[in-house]
Amino acid sequence: MNERAVLRVKGRVLVGPDDVRDELWVVDGRVSYDRPAAARDVRTVEGWALPGLVDAHCHVGLGAHGPVDAGTAEKQALADRDAGTLLIRDAGSPSDTRWVDDRDDLPKIIRAGRHIARTRRYLRGYAHEIEPDDLVAYVGREARRGDGWVKLVGDWIDREAGDLAACWPRGAVEAAIAQAHRLGARVTAHCFAESSLRDLVEAGIDCVEHATGLTEDLIPLFASRGVAIVPTLVNIATFPKLAESGEARFPVWSAHMRDLYDRRYDTVRDAYDAGIPVYVGTDAGGSLPHGLVADEVAELVKAGIPPLRALAATTWDARAWLGRPGLDEGAPADLVVYAEDPRADVRALAAPLRVVLNGTITA
C-alpha cells in the first residue's frame with residue numbers, strides 16, 4: 001500500500017444525533033473510520049464535526065433582477081461554502097450552473113430547474129411565465145433539466161383582487177405533479193398564502209416552500225401526506241418591509257403579509273409539533289445574501305423547534321431527505337468543524353473552525 005496524505009478529524013464527530021465518534025480519517029477525499037495502515041503528512045483538525053450543512057432553498061445564479069453572470073454565481077457559492085453549506089437544493093434558477101459540478105471547491109447542487117409561474121404572476125426575469133394549458137409540458141421540461149426536483153409558483157399577488165391568490169386550477173396541478181412523478185422528479189411550490197395549499201397537497205406535491213399560510217385545518221393534511229416544508233424564516237423577516245412598500249396600492253395584500261409575518265413562529269412550531277418534516281432553507285440569491293444558513297437554524301430554534309432537531313434539519317435529516325450521504329464510511333468527505341458543540345448552542349454554526357469539501361480544507 002502506497003503512503004498517502006490524510007486528514008484526521010479528532011474530537012467529537014457527530015455522525016448522527018445519537019452516533020458520536022472520537023475521530024474520522026479522510027483518505028483520497030473520502031470518509032474512513034479505520035486508521036490508514038500507511039500514511040504521510042497527517043494533518044489533524046480538532047473540534048466538533050458535522051456533515052456539511054444543507055441549504056434546501058437557495059438560488060445560485062439568481063440575483064434581484066434575474067440571472068447573474070458566472071463570476072457573481074461563483075461568489076454566491078463561495079459565500080455558502082465558507083458558511084459551512086456544502087449541499088444546496090437550488091429551488092429554481094434561470095441560470096445554467098452545471099459548471100459548478102466540475103469544481104471540487106464549490107458546494108454540491110441539486111437543481112429544481114427554473115421556476116414555473118403564471119403569466120405576470122411572479123418576479124420579472126425569474127420564471128417561465130405560462131398559462132395552465134402549458135403547465136404539464138413545462139413541468140416535463142424542467143423535470144428533465146433538473147436533478148430530481150421541479151419548482152412551481154403556487155400563489156402570488158393577483159393585482160385585480162389586490163391580494164395573494166392561487167395561480168393554478170386544481171386539474172392543472174394534478175396533471176403536472178403526476179407528470180413530474182412519472183419522470184422521477186419531486187415537486188415543490190412557492191406558497192405564501194392559504195389558498196393554494198389544499199389543492200397542491202391533495203394533488204400529491206412533495207414539499208412547500210415558505211408555507212406561511214399553514215392553518216389549523218391544513219396542518220393535519222400536510223402531516224398525513226408527509227409533505228415537507230422549508231419555512232425560510234430569514235426571508236419571511238422581510239414581509240413587513242414588503243407590506244409597507246405595497247400599502248398604497250394593495251392595502252389588503254399588505255395586511256395579509258403582516259398577518260403571515262406575525263404568526264410565522266406559531267406556524268412553524270405547530271407544523272413541527274404535528275410531525276410535518278421541516279428543513280432549513282434561506283432563500284438566498286434573490287434579495288437576500290448567501291451564507292445565512294446559521295441564521296436560519298437559529299430562527300427555527302426561536303420558533304420553538306428543539307435545538308437538536310433544528311440542527312438535524314440542516315444536517316442528518318436534510319441529507320437523508322435529499323438522498324445524499326452524511327459522514328458515512330466511504331462517502332465524500334464534506335464536513336464542517338466547530339470549536340464548540342453546536343448541539344449545546346446552535347449559534348456555534350455561525351463560526352466554522354474548518355470547512356472540508358471533497359476531503360480538502362477550503363476555509
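Averaged over residues, the count of other Cβ atoms within 10 Å places the peptides 213-220, 107-114 in the sequence 107-114, 213-220, highest first.
So what is the relative contact order of the chain, in percent, for Cα pairs below 8 Å that sit 6 or more residues apart?
20 percent
Since only ALA38, THR97, HIS256 are under comparison, the one whose Cα sits farthest along the positive direction of the charge dipole of the chain, derived from C-beta charges on Lys, Arg, Asp and Glu, is ALA38. When peptides 21-31, 275-285 are ranked by their average number of other Cβ atoms within 10 Å per residue, the highest-first order is 275-285, 21-31.
Over the range 70-164, calculate the relative contact order: mean separation of alpha carbon pairs under 8 Å at least 6 apart, over the residue count, as a percent. Taking the mean separation of contacting Cα pairs over the length of the range 70-164, I get 25 percent. Which lysines have a Cα less than 27 Å from the Cα of LYS75, not counting those fewer than 8 places away in the same chain? Cα-Cα hits under 27 Å: LYS108, LYS151, LYS241.
Within the chain, DSSP assigns beta bridges of which about 45% are antiparallel (rounded to the nearest 5). When you restrict to C-alpha pairs under 8 Å that are six or more residues apart and normalise by the size of the range 15-86, the relative contact order lands at 22 percent.
Remark: accessible surface ordering of GLU202, GLU296 (largest first) is GLU202, GLU296, probe radius 1.4 Å. When the alpha-carbon atoms of the chain are used, the pair Rg, Dmax equals 20.8, 73 angstrom. Placing ASP19, ASP69 in order of accessible area, with the largest value first and a 1.4 Å probe, yields ASP69, ASP19. Counting only alpha carbon atoms, the long axis of helix 264-273 and the longest principal axis of the chain meet at about 60°. Here the accessible area is traced with a 1.4 Å probe on the protein chains. For the range 144-287, carbon and sulfur cover 49 percent of it. Taking every protein chain into account, the accessible area of the range 1-145 amounts to 45 square angstrom per residue (probe 1.4 Å). Could you pull the accessible area for TRP321 with a 1.4 Å probe, rounded to 10 Å²? TRP321 has an accessible surface of roughly 40 Å² with all protein chains in place. The 1.4 Å probe gives accessible areas that order ASP155, ASP41, largest first, as ASP41, ASP155. Heavy-atom accessible surface of LEU288, to the nearest 10 Å², is about 30 Å², with a 1.4 Å probe and all protein chains retained.
The values are calculated or read from the model by the stated rules, or taken from the named source; none is laboratory data. Computed from a prediction, not measured in an experiment: that's the story for all the values here. Neighbour counts are summed over all protein chains in view; Cβ atoms, including those assigned to glycine, are modelled from backbone coordinates with ideal geometry. Accessible surface is based on the protein model in full, side chains and every heavy atom, while ligands, DNA and RNA are left aside. Shrake-Rupley method; radii C 1.70, N 1.55, O 1.52, S 1.80 Å.
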